[in-house]
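Participant: The following block contains the structure, expressed as structure tokens.
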Amino acid sequence: MSAETREKVYLAAADALDPAKTFECGQCFRWRADGDGGYTGVAFGTAARVWTENGTVCLDADGPAPWRDYFDLETDYGAISRDFLGVSPYMDECVAFGRGIRLLRQEKWEALCTFILSQCNNIPRIRGIVERLCAAFGQPVRFHGETLYSFPSAQVLAPLAPEDLAPLRCGYRAPYVLDAARQVAEGRLDLDALSGACCGDSLNALKCVSGVGEKVAGCANLFGLGHREAFPVDVWMRRALKAHFPPDFDPAVFGENAGLAQQYIFYYARSGGKENFV
DNA sequence: AAACAGGCCTAAA
DNA sequence: TTTAGGCCTGTT
């Protein structure tokens, strides 16, 4: 990519966007720390680096892409978070701990596909599988002297057979990914339309994909389709809810941005330590 | 060695 | 409607 199309942009004040928390809170799998306090990744087929300097977060991208939307910078997280306070002392801790997280508006197909691969897996292995998927079937993107890869489209994956995915070592999830790719490529699963539909309808449509249940559909809804009221519950969330919320607790009390509350709870449960669950 | 990992599927009560 | 067992692969 030529220097002419490269853009370095100011993203946000450092207290509004914490790259480390945002990229490592569990919502995405492709951004990696580069050792200099920055993160490098690919979205929209475009490579970028994000770092903090002098109290601001900057982005150096390989070309134009909707980065402000990607980082959800038009949303007032402070205002939303205030609505979560007072639910319980534990919830206050979650909000404080997660301050700086922004829910990325990831590409729809990537979100669906990566969370299919995430099931019953740990994060390092998920990241490995996703990187092998991109290296094998994505487009190469040169960036600062190294070769990165875009996320492969559903159209590229749809014609493949499970054996073609063997190098990924994703096990029994291979046919799940291919079913999803085919449904999307053939237009039977219209992710753009589902993004505009109501959360529940979208959830039910996603669950028609083999290997997509309540949790994976919830993650696709929240992280890819922009359904911010989605509240996916995995084992960590189940533990946190059981330990710190009433048995009949209804996440709907968190309102139309319940998904952010979910992320705060999840991130605190995972990073806050096992001592939360003794 | 055996259990477990950020689920889901199928079969069977 | 809920429950048990199995599933690829990798790590502890």
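Participant: Please determine, by comparing only the residues of segment A:63-110 that are without any contact (Cβ under 8 Å) to a residue 40 or more places away in the chain and of a type in the set (D, E, K, R), which one is surrounded by the most Cβ atoms within 10 Å (Cβ to Cβ).
Facilitator: Looking at the filtered set, the residue picked out is A:Asp72.
Participant: May I pose another question? Going residue by residue through segment A:43-51, is there one that turns out to be outside the structural domain of A:Ile126 (by TED's automatic domain parsing), on the phi > 0 side of the Ramachandran plot and modelled with pLDDT under 95? Explain how you work it out, then say what you get.
Facilitator: As a first pass, look at segment A:43-51 and keep what is outside the structural domain of A:Ile126 (by TED's automatic domain parsing): A:43-51.
Cutting the leftovers down to on the phi > 0 side of the Ramachandran plot gives us A:44-45.
Next, from what is left, pick out any that are modelled with pLDDT under 95: none.
Checked segment A:43-51: no residue is outside the structural domain of A:Ile126 (by TED's automatic domain parsing), on the phi > 0 side of the Ramachandran plot and modelled with pLDDT under 95.
Participant: Further, regarding this structure: Within segment A:49-62, which residues are without any contact (Cβ under 8 Å) to a residue 60 or more places away in the chain and in a strand (DSSP E or B)?
Facilitator: Those that are without any contact (Cβ under 8 Å) to a residue 60 or more places away in the chain and in a strand (DSSP E or B): A:Val50, A:Trp51, A:Thr52, A:Glu53, A:Thr56, A:Val57, A:Cys58, A:Leu59, A:Asp60, A:Ala61.
Participant: Specify which of the listed residues (A:Gly171, A:Gly213) is surrounded by fewer than 21 Cβ atoms within 10 Å (Cβ to Cβ), under 19 Å from the mean Cα position of the chain (by Cα), within 16 Å of DNA strand C (Cβ to nearest atom) and at pLDDT 95 or above.
Facilitator: A:Gly213
Participant: Does A:Glu186 satisfy the criteria of being at pLDDT 95 or above and within 16 Å of DNA strand C (Cβ to nearest atom)?
Facilitator: Against the criterion (at pLDDT 95 or above and within 16 Å of DNA strand C (Cβ to nearest atom)), A:Glu186 does not qualify.
Participant: Residues A:His144, A:His227: which one is touching a residue at least 12 places away in the same chain (Cβ under 8 Å), under 22 Å from A:Gly41 (Cα atoms), out of contact with any strand residue (DSSP E or B) (no Cβ under 6 Å at 6 or more places or on another chain) and not aliphatic (A, V, I, L, M)?
Facilitator: Exactly one of A:His144, A:His227 is touching a residue at least 12 places away in the same chain (Cβ under 8 Å), under 22 Å from A:Gly41 (Cα atoms), out of contact with any strand residue (DSSP E or B) (no Cβ under 6 Å at 6 or more places or on another chain) and not aliphatic (A, V, I, L, M), namely A:His144.
Participant: To continue, here is another question. Quick check: anything in segment A:18-26 in contact with a strand residue (DSSP E or B) (Cβ under 7 Å, 6 or more places away or on another chain) and closer than 23 Å to A:Asn221 by Cα? Before you say what the answer is, go through the steps one by one.
Facilitator: Going through segment A:18-26, the residues in contact with a strand residue (DSSP E or B) (Cβ under 7 Å, 6 or more places away or on another chain) turn out to be A:19, A:23.
Filter once more, so that each one left must be closer than 23 Å to A:Asn221 by Cα: A:19, A:23.
The answer is yes; a qualifying residue exists.
Participant: Here are A:Arg132, A:Arg125: which of them is surrounded by fewer than 18 Cβ atoms within 10 Å (Cβ to Cβ), in the same structural domain as A:Glu163 (by TED's automatic domain parsing) and farther than 25 Å from A:Pro232 by Cα?
Facilitator: A:Arg132
Participant: A:Asn257 fails exactly one of the following numbered conditions: (1) touching a Cys at 6+ places or on another chain (Cβ under 7 Å); (2) part of a helix (DSSP H, G or I); (3) more than 15 Å from DNA strand B (Cβ to nearest atom). What is the number of that condition?
Facilitator: Evaluating A:Asn257 over (1) touching a Cys at 6+ places or on another chain (Cβ under 7 Å); (2) part of a helix (DSSP H, G or I); (3) more than 15 Å from DNA strand B (Cβ to nearest atom) leaves (1) as the failure.
Participant: Next up: Which helices (runs of 4 or more DSSP H) does segment A:114-226 wholly contain that include 3 or more residues that are within 16 Å of DNA strand B (Cβ to nearest atom)?
Facilitator: On the way: elements: A:123-137, A:154-157, A:174-185, A:191-196, A:199-206, A:214-219.
Fully inside segment A:114-226 and qualifying: A:123-137, A:174-185, A:199-206, A:214-219.
Participant: Okay, moving on. On the basis of being among the acidic types (Asp, Glu), at pLDDT below 95 and outside the structural domain of A:Val156 (by TED's automatic domain parsing), does A:Asp18 make the cut? Explain how you work it out, then say what you get.
Facilitator: On the way: among the acidic types (Asp, Glu): yes; at pLDDT below 95: no; outside the structural domain of A:Val156 (by TED's automatic domain parsing): yes.
Against the criterion (among the acidic types (Asp, Glu), at pLDDT below 95 and outside the structural domain of A:Val156 (by TED's automatic domain parsing)), A:Asp18 does not qualify.
The values are calculated or read from the model by the stated rules, or taken from the named source; none is laboratory data. Only a predicted model underlies this, so the values are computations on that prediction, with no experimental measurement involved. Because the Cβ atoms are built from the backbone with ideal geometry, glycine has one as well, and the counts that use them run over all protein chains shown.
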